[in-house]
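What follows is one structure encoded as structure tokens, with my remarks underneath.
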Amino acid sequence: MAFWRRNTHVEKERRVKANARDHNDRFAYADNHIKTSKYNILTFLPINLFEQFQRVANAYFLVLLILQLIPEISSLSWFTTIVPLVLVLVITAVKDATDDYFRHKSDQQVNNRQSQVLIRGSLQNEKWMNIRVGDIIKLENNQFVAADILLLSSSEPYGLCYIETAELDGETNLKVRQASTVTSDLGDLSKLMDFDGEVMLVTLRNASRGFLSFSVFMLVKVCGLASAVNLHLFMPCPSGEVICEPPNNKLDKFTGTLYWRDNKYPLDNEKVLLRGCVLRNTEWCFGMVIFAGLQTKLMQNCGRTKFKRTSIDKLMNTLVLWIFALLVCMGVILAIGNTVWENLIGQSFQDFLPWNVYQRNAVFSGFLTFWSYVIILNTVVPISLYVSMEVLRLGHSYFINWDGKMYHRRTDTAAEARTTTLSEELGQVEFVFSDKTGTLTQNIMVFSKCSINGQTYGDVYDEFDQKVEITEKTPCVDFSFNPLCDRKFKFYDVSLMEAIKLEDPVVQEFFRLLALCHTVMPEEKSEGHLVYQAQSPDEGALVTAARNFGFVFRSRTPETITLCEMGRSVTYRLLAILDFNNVRKRMSVIVRDPQGHIKLYSKGADTIIFDRLDPSDEDLMYTTSEHLSEFAGEGLRTLALAYKDLDEDYFEVWMKKLLFASTVIENREDQLAVLYEEIEQGLKLLGATAIEDKLQEGVPETIARLNLADIKIWVLTGDKLETAMNIGYSCNLLRDDMNEVFVISGYTVLEVQQQLRNAKERILGLSRVTSAAGDVGKTDVLADDSVFEETLIAEYALVINGHSLAHALEPQLERTLLDLACLCKTVICCRVTPMQKAQVVELVKSHKRAITLAIGDGANDVSMIRTAHIGVGISGQEGMQAVLASDYSFAQFRFLQRLLLVHGRWSYFRMCNFLCYFIYKNFAFTLVHFWYGFFCGFSAQTVYDQWFITLFNIVYTSLPVLAMGLFDQDVDDQYSLRYPSLYKPGQQNLLFNKRQFFLYTLQGMGTSFLLFFIPYGAFSLLVKEDGSHFSDQQTFAVTIATSLVIVVSVQIGLDTHYWTAVNHLFVWGSLAAYFAILFAMQSDGLFYIFPRHFPFVGTARNCLSEKSVWLIILLTAVVCVVPGVAVSFLRIDLFPTLTDKVRHLQQSRKKQGPQAQNLRRVRRTSSRRSAYAFSHQQGYGELITSGKNMRTSTVSPAHSPDGTPHGSSWMDNMLKRRNEVSCVSEEKSIRAPESANRHTQPPQLDVESV
Amino acid sequence: MVKHEQESTNRPDNTAFTQQRLPAWQPMLSAGIVIPGFLIIGAAFIGIGVALFVTSQSIQVLEIDYTGDDKTAPCYKCIAPNQKNCQCQISFSLNSTFKGPVFFYYALSNFFQNHRRYGVSKDDNQLFGDTSYFTSPSSSCSPYQYDSSNKPIVPCGSVANSMFSDTFQLYQVVNGTNKLVPWDGQGIAWWTDYSIKYRNPSVTPLQNAFNNTVKPINWTKPAYELDPTDSSNNGFINQDFLVWMRRAALPNFRKLYRRITQGDYAQGLPAGNYLLNINYSYPVVDFGGRKKVVLSNVSWMGGKNDFLGIAYLVIGSLCVVMSVVMLIVYAKFKFPDEE
């Protein structure tokens, strides 16, 4: 893709002429051929090899291989390197090839899909890949959209069509698109021919283009003149041309203009069908291809994901360099040794071993020896290390995918490791950045209280006027009078029902507003069985409440809303929707009621609505305001409701302005906002609603547990400060017993700085006092400074709001912020934008050497998820954006504890053990050559048989260590969760770090030393039982090799904590394989075939039949292994870690038998409910949607509620009723209920472009 | 909408493997295992050590250095270069019977048979009897691939070329006369070597296979005439040759020369005076090497080897000591049993 883009010039705007291939070809737009594959049959080998050799390890082995081909240097046969190298290359290549094969297959399948294209006036079948920009194509129901096309017309009324965007954003609900009104009647081929540019005259085209650019300029500059007038000026000019934005990856945005018959029509996202969507519930539609192939928005979004590497990877890279350095050191030592030896002995030994042509002098011989030893000792950096690490991570990822305890039954979602390269980093997380909505909370809203005209409803009182706690048993209000009610809805306060029945006009207006002012889509599957499709759960809750209280929202068309008010059917004409966004923080509708009055209904954030109230409402405002703070105190999300009667003339003027503004291409949103602001003034307050936001299951427990594991949880939420603190309390993040909760809310840099410093000084000041006093008491716990600091942190919390955060994130303050934040146990950032979320993560990531994890569910979390070391997506209700960007995904926040404390811990533990052992093993294996150098004239003579060197890492010792790396468990999952502190070693990098590396290197060296010198001691005088000499090189080699294999097998046995059948099989199997291969390799048969390559023939049987050899092997094995056992026993006894203690406990419990189960801590189920104070209704998703007023709407039956029984879905209704709809009002600003769904407008795209 | 139909299709399999609940043995280094373990290992090692040590002590070894770099040494006269057929005699006496069977070794020190360049300097195909390699030996044999007149050397290479060439005769001095101690050179090499690894070309007479080749430069006789007394002991399967070709692992090594298993000496060498006659031809003084002959008998565990016995004793004792230390530590700092 990158290639492609480089080749074409930078496109500033796109001009597409309908069905004019010759014309469009001149711009060299991408055609619709898709290629996601990397190779073809011919290029696979060169490209894949080139890619593979870009990896340092592979290149290193290639260099070694080349060195080995130089006979003067070669101390090992070429096959010792090429066998493992080829094995590794083949494994990787096979993996790449299969991946690419599937890509090819899917490419081919996609490219060969059939599509109907309008060519010379008739429809012809074409393969997708042959479709070009500008083609007019016909799509049929349930077909995939072939490219990004401009919807021209469809089988449905008003050029509507329905699409499913699952492939784009993972949502399966339907969205509506509507063709521009001018093209919507181009329903048959003859009419489409008009649109067709094939017969266009060149002169005309040029002329019109000149005119166009001018008019665009005019529109932008002047914003005047009635473009609406233009709409009706149909001139006979058969050309359709679209001028629009260049290809980009913004799924939710499209700006363009259609030029046809010398008129221009604005185009926006609602008129475009994107590639990857599926046409639903629409018989057919016509569209013109605007972006094709790789330039479609879908393909533009398939960016390469950033390659994340774990900290262990990075550490390994450093260590590998160190190992190289060590290798060079040893090479130099041995080379010097060789020079000296050649001078002292070799020179005079020439009678028997003459110097050859290349070794005329000792120094040059030393130089050659250096390289020879580099070859021999290369196995300290085993090529199989990287492959094995990949295999382990892959295995760990599968275990995550397979975990039944991370499977969520209700949504049928299993956890998914979307990345297979990060697993051990899950065991090292120190900071968790969590989103709130949908992550900590369920995003399920329940209408729980309201304040109408200064009167609150929702609380239940007993006969003594005491507030009664609402429980399961509290009797609900009976809604049986209402046949259309939602049975799941529960409300406990009867007085509201009474007020309704008394027909209190304000109460009625209150619920009327709730039933009218929203963007919910009704679906009446059968008579009276209403299902609301709400884009935000708040809206759903409010509309459902209105429904149950007798104001049933029944159906809607683009122009009407039909309610069933207390049994009577009332139809309102919908004149405008003034959309919500989070700048406006309110939405309004303008409707004309059956009596002909025009009314504006508005709901929104309390402060916003209060600012726009009519001054006469002041008293009511204060009362309501009190109620609001009461609700907020209970942790409910509130909305204020207001209405306004509109004057007919005033409205008409305003409407005209709106229509004009909506056709403007640039600044359309700003202009609309100004117009909205203008009309939403002087409102009359009706009251307020309070909605309860339910916490996800198990959130407080999870947070408590993660806290115990020293994982710092920062909540980054878009909520208001007060709300955010409520969340904190309900989630266990903030507690009443905390010393202090610092709230930072400054408006200037200086203020913020001052507040931050004060807070920090307070903490540090206090800590000095406490430390002086607490010293005595705390020393016996663990006299560790860091631990002491930790206990301090538990006492503080920091809450910071959005604008303070903006200041605090500036370079001069970020350090202070971070220092303070890290002194606090809990940090809550509220009112943060997606961008800021990422900044906060970045701040911690760059200044703290800690692993960060971001978890979220919505599109607004994507930037944060991408920034953090590990991104976790909640696969929940809010679409797929977060999941698609994440490394791990699961359905519930509470699974995070299992992911980190169980899987993460295990992965880290396993990976560390694996690495430690691997290093140990390779040093033990390789350094024997080093010691031998001192006794063989530094001649780079190998100790072992070359076949042994070839196979040691890949056959004899690979599987047991893999089995350990895959299956080992020091502590089982239940204990891991029960003792979250077990997680701490990972955060502190205790299991694998430079120190451990040194220890294991030393152990390996020690083992190699013993492996060499014990046989050395024995072999200096070793004679067979039959008296024949026995101290030959081959016997020596077999003895050491056998000892080595036994020692490393015993060692892996000791390092394995959890011996499954697989471990047994692999350990014993490897030993058996060693002996089997040993005898096979040294058998007569192989020797007869290749006498040169199997010179060890007969050694094994001669050697291993001797008692003394076995005595040597036994001695070596015991001496190598026993000190390690003693040391670890003493360590466990003297300085037991928590892991040791828990293991011990686990063992003793197991012995005691089944009662262990009873000892499990009973999980505390929290009855506490979430507490949110603000109706942050639509989240940040709406930030982008603002100004998208030119929405279309579905047509719904405008039938009376007691009308005839009808079809099952609103979709069917609509099809049936399409002829009954009288007329289409031109350029209506009607909001499409579902298409407004925020996921089509992922904000992260904007964030990235910033 | 579709979701209801495919209920729980995504549920992971509930198997012990996928849930990581495979039944497993979880060993722990508990005191109950480690301390007795150490004791047992210690005791066993001490036992083995004692056995080895005692056995090793019972083995008689007699070493005679005949390098002759000392002016007073009998073989001093032979170390001057370019000596041909130099013989020297060394006499020694045994105070007690040297129990049989007695093995006669020669030993070289500071001799680097394990040098890489030395080790590769041979042609396995040639030694396997493949005559095509007789005419063109492997280049690994260089510089002993072709002689100065460009004729192929068979057997080629440094290893063969440097074959030990001293020969010995052992006499018992009985009443002033030298009585030859008969010995046996059969089967002193590995069976696998003379029946599998090395082969003579299947050409009779053997000599014909060596047409157009030359003997190694240092050799006095061609390969097919190595043992004039036994025709089956010639060529590449000559026992002395095979013993030499099996390269020693370390620069100081012994190689078996003869077994004394026959006649009067089958039960051992009786106490008395002996004379060793050496045909001295192999130069070692140049590179500081030494030559020895060794008389030794063997036991169930092979030849005399104090190292193993002592090592076992030391390690065994250390294990016992460690177990005591661990017991003390364990008793003092008992593993905390609290939750």
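Coordinate-derived values only; no laboratory data. Computed from a prediction, not measured in an experiment: that's the story for all the values here. Glycine also receives a Cβ, built like all others from the backbone with ideal geometry; neighbour counts cover every protein chain displayed.
In order along the range A:560-574, phi translates into HN-Hα couplings of 10, 10, 10, 10, 10, 8, 6, x, 8, 8, 10, 10, 9, 8, 8 Hz, rounded to whole numbers, per the Karplus curve 6.51 cos²θ - 1.76 cosθ + 1.60 with θ = phi - 60° and x for Gly and Pro. Taking the fewest neighbouring Cβ atoms within 10 Å as the starting point, the ordered list for A:H803, A:H529 is A:H529, A:H803.
Taking only alpha carbon atoms, the range A:339-428 gives an Rg to Rh ratio of 1.52, where Rh is the Kirkwood radius.
For the range B:1-93, the Kirkwood hydrodynamic radius from C-alpha pairs, put into Stokes-Einstein at 20 °C and a viscosity of 1.002 mPa s, yields a diffusion coefficient of 95 µm² per second.
What translational diffusion coefficient, to the nearest whole µm²/s, does the range A:1004-1162 have by Stokes-Einstein, given a Kirkwood radius computed over alpha-carbon pairs, a temperature of 10 °C and 1.306 mPa s viscosity?
This corresponds to a translational diffusion coefficient of 85 µm²/s.
Residues whose amide H comes within less than 5 Å of that of A:F433, counting only those at least five positions distant or on another chain, are A:W714, A:L853, A:A854, A:I855 (H built at 1.01 Å from N in the peptide plane). Distance cut-off 23 Å, Cα to Cα: go down the list A:K17/A:K657; B:K122/B:K151; A:K253/A:K585; B:K255/B:K304; A:K308/A:K405; A:K837/A:K994 and report the pairs above it. Too far apart for the 23 Å limit: A:K17/A:K657; A:K308/A:K405; A:K837/A:K994. Beyond a 30 Å Cα-Cα separation, which of these cross-linked pairs lie in this structure: A:K175/A:K264; A:K1024/B:K77; B:K77/B:K197; A:K271/A:K436; A:K449/A:K599? In this structure, A:K1024/B:K77; B:K77/B:K197; A:K271/A:K436 exceed 30 Å between Cα atoms.
What does the charge count around A:T1060 come to, taking other residues whose C-beta lies under 11 Å from its C-beta (Lys +1, Arg +1, Asp -1, Glu -1)? With Lys, Arg at +1 and Asp, Glu at -1, the net is 0.
Of all DSSP-defined beta bridges confined to the protein assembly as shown, some 80% are antiparallel rather than parallel. Mind checking the angle between helix B:31-58 and chain B's longest principal axis? C-alpha axes, 0 to 90 degrees, to the nearest 10. Helix B:31-58 and the main axis of chain B meet at about 10 degrees. Per-residue mean of foreign Cβ neighbours for A:1116-1123 is 3 (Cβ atoms of other chains, 10 Å radius). The lysines within cross-link reach of A:K656, meaning a Cα-to-Cα straight distance under 16 Å and a gap of 8 or more places when in the same chain, are A:K1228. Neighbour counts of other Cβ atoms within 10 Å put A:V340, A:V374, A:V387 in the fewest-to-most order A:V340, A:V387, A:V374. The share of C-alpha pairs in the range B:67-297 whose separation exceeds 24 Å stands at 49 percent. Length, then width, then depth: along the principal axes, the Cα atoms of the range A:445-694 run 59, 43, 33 Å.
Excluding same-chain neighbours fewer than eight residues apart, the aspartates and glutamates reachable from A:K1107 by a Cα-Cα span under 19 Å are A:E1025, A:D1026, A:D1032, B:D306. Peptide A:1132-1139 is shielded by partner chain Cβ atoms: per residue, an average of 3 of them sit within 10 Å of its Cβ.
Gain in length, A:L189 to A:K656, computed as 0.36 nm per residue apart minus the alpha-carbon separation, to one decimal in nm?
Details: separation 467, 0.36 × 467 = 168.12 nm, distance 3.48 nm.
Length difference between fully extended and current span is 164.6 nm.
The range A:820-875 and the range A:889-933 have Cα centres lying 27 Å from one another. For A:S448, the residues 5 or more places off, or on other chains, whose built amide H falls under 5 Å of its own are A:A690, A:I691, A:E692. Backbone geometry of the range A:37-45 corresponds, through the Karplus equation with coefficients 6.51, -1.76 and 1.60 at θ = phi - 60°, to 3J(HN,Hα) couplings of 6, 9, 10, 10, 4, 6, 8, 4, 4 Hz, x marking Gly and Pro. Angle, helix B:306-332 long axis vs. longest principal axis of chain B, Cα atoms, 0 to 90°, nearest 10? Long axis of B:306-332 versus the principal axis of chain B: about 20 degrees.
Rounded to the nearest whole Hz, the Karplus-based 3J(HN,Hα) values (6.51 cos²θ - 1.76 cosθ + 1.60, θ = phi - 60°) of the range A:146-156 follow the sequence 7, 8, 6, 10, 8, 6, 9, 7, 8, 5, 8, with x at glycine and proline. Taking amide H atoms as placed 1.01 Å from N in the peptide plane, the amide H of A:I290 lies under 5 Å from those of A:G134, A:D148, A:I149, A:L150, each 5 or more residues away in sequence or on another chain.
Taking 13 Å as the straight-line reach from the Cα of A:K12, the aspartates and glutamates in range (excluding those fewer than 8 positions away in the same chain) are A:E245. Here the spin labels are modelled as points 7 Å beyond Cα on the Cα-Cβ line, and at A:L321 and A:L45 they lie 3.6 nm apart.
Our compactness index for the protein assembly as shown, the C-alpha radius of gyration over the empirical 2.2 N^0.38 Å, is 1.23. Here the gap between A:R360 and A:D465, fully extended at 0.36 nm per residue and compared with their Cα-Cα distance, gives a gain of 26.8 nm.
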